[in-house]
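First comes the structure, then the notes that go with it.
The values are calculated or read from the model by the stated rules, or taken from the named source; none is laboratory data. Quick caveat, the model's predicted, so the values are computed rather than measured. Backbone-built Cβ (ideal geometry, glycine too); neighbour counts: all protein chains shown. Note: accessible area is taken over every heavy atom of the protein model, side chains too, but ligands, DNA and RNA are not part of it. Shrake-Rupley method; radii C 1.70, N 1.55, O 1.52, S 1.80 Å.
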Amino acid sequence: MASPDDRVDLHAHTCVSDGTLTPTQLVERAAATGLAAIAVTDHDHVGGVKEAREAGARLGVEIVAGIEFSAVHPLGSLHLLGYFVDVDDGPFLARLDRLRAERHARARRMATRLQDAGVDVTLADIAAEVTGGEQASIGRPHVARALMRKGFVRDVVDAFDRYLGPGRPGYVPREPLAARDAIRIVHDAAGVASLAHPSTLAPHARETIVRDLARVGLDAVEVVHPKNDEALRAALLSWADELGLGTSGGSDYHGDNKPDIALGSGCDGNVLVTRATLDALAARCARPRRA
Ligand code: AMP
Ligand code: FE
Ligand code: FE
Ligand code: ZN
């Protein structure tokens, strides 16, 4: 068992995207849990990093600047994590602004689609669930909370099942961002890219996607995640070993939007990541790149 001082969590969301804790509250939780470091990996937003760093300096928690993108590959949609991104890089910040503007337009279309389906949820109802400020990254969990508040669904999972998943009445796809372009955005911001929660990929597509993305510069795969079972973790480790990829891991903490997931330990303790994983990722960041 790792010493408590060694434990880290490299996948966590705040209220600047679809987590429910403020960056300060997230770091307070990390400190209370005894974590040495966390990566703040909000969707399309690095706006929580500065506040997290201030709290981290006070509470003795190292903060890794992270990001999470939604992207597509011919075999399916996926999420990519970026680590050690430069949160002052102008073109990077401008790109994130555009992605969040697209999210806002999509939320408006989701409200329209729900209204058309006879579900009275407005853009204002959705916006009222966004607690991370004007510039926050609006997403389906905010729509889910609006549906809950208005009594249309029991919880976030019920909202995705009935209204927000692909093919459901409120579903609106994102504008597609190719996975190789998402990797390039991370690299251009001086970061390293890791394939997030590979469990969400179709089982038969996982290996092909990892191999394809390795060829276009992917740096790592998220081996440890609450939804990765032991067999998938073993497969990912062997692909990473063969392809020269690093590994990452974290709980994908979202606060009350995923109440069964705990920061630092995942679901019933199925996440344990140590500083060695963070150090190995950091070492990749300094290396010259292939792509
Ligand atoms: P979006 O980025 O707006 O497409 O929303 C995707 C986010 O919704 C993910 O990052 C998760 O936080 C959350 N999510 C996706 N599927 C589900 C689900 N079935 N139940 C609960 N939350 C989900
Ligand atoms: Fe999320
Ligand atoms: Fe994700
Ligand atoms: Zn995530």
Give region 156-170 a look and list any residue that's out of contact with any Leu (no Cβ under 6 Å at 6 or more places or on another chain) and without any contact (Cβ under 8 Å) to a residue 24 or more places away in the chain, or say none.
-> Val157, Asp158, Phe160, Asp161, Arg162, Gly165, Pro166, Gly167, Arg168
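Take region 246-291 and flag every residue that is more than 20 Å from Val8 (Cα to Cα) and in contact with an Asp or Glu (Cβ under 8 Å, 6 or more places away or on another chain). Quick ask: steps written out before the conclusion?
First pass over region 246-291, keeping only residues more than 20 Å from Val8 (Cα to Cα): 256-257, 286-291.
Within region 246-291, just Asn257 meets the criteria.
Name the one entry in Ala189, Ala196, Ala124, Ala159 that is farther than 23 Å from Leu26 by Cα, in contact with a strand residue (DSSP E or B) (Cβ under 9 Å, 6 or more places away or on another chain) and of a type in the set (Gly, Ala, Ser). Don't jump to the end; show me each part of the working.
Values: Ala196 fails: farther than 23 Å from Leu26 by Cα; Ala124 fails: in contact with a strand residue (DSSP E or B) (Cβ under 9 Å, 6 or more places away or on another chain); Ala159 fails: in contact with a strand residue (DSSP E or B) (Cβ under 9 Å, 6 or more places away or on another chain).
Step by step, each of Ala189, Ala196, Ala124, Ala159 is checked, and only Ala189 is farther than 23 Å from Leu26 by Cα, in contact with a strand residue (DSSP E or B) (Cβ under 9 Å, 6 or more places away or on another chain) and of a type in the set (Gly, Ala, Ser).
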Counting only residues that are in contact with a Phe, Trp or Tyr (Cβ under 7 Å, 6 or more places away or on another chain) and either within 16 Å of ligand 2 (Cβ to nearest atom) or open to solvent by 50 Å² or more (accessible area, probe 1.4 Å) (or both), how many does region 83-132 have?
-> 1
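Thr208: among the hydroxyl-bearing types (Ser, Thr, Tyr), within 13 Å of His79 (Cα to Cα) and open to solvent by 10 Å² or more (accessible area, probe 1.4 Å), yes or no? Talk me through it step by step, then tell me what you get.
Details: among the hydroxyl-bearing types (Ser, Thr, Tyr): yes; within 13 Å of His79 (Cα to Cα): no; open to solvent by 10 Å² or more (accessible area, probe 1.4 Å): yes.
It is false that Thr208 is among the hydroxyl-bearing types (Ser, Thr, Tyr), within 13 Å of His79 (Cα to Cα) and open to solvent by 10 Å² or more (accessible area, probe 1.4 Å).
Quick one: in region 144-175, of everything that is within 16 Å of ligand 3 (Cβ to nearest atom) and either outside any helix (DSSP H, G or I) or out of contact with any helix residue (DSSP H, G or I) (no Cβ under 6 Å at 6 or more places or on another chain) (or both), which residue is least open to solvent (accessible area, probe 1.4 Å)?
Kept after step one, since they are within 16 Å of ligand 3 (Cβ to nearest atom), are these residues of region 144-175: 144, 156-157, 160, 164-166, 173-174.
Still in the list and also either outside any helix (DSSP H, G or I) or out of contact with any helix residue (DSSP H, G or I) (no Cβ under 6 Å at 6 or more places or on another chain) (or both): 157, 160, 165-166, 173-174.
Numbers: Val157: 96, Phe160: 59, Gly165: 9, Pro166: 103, Pro173: 76, Arg174: 50 Å².
Here the residue is Gly165.
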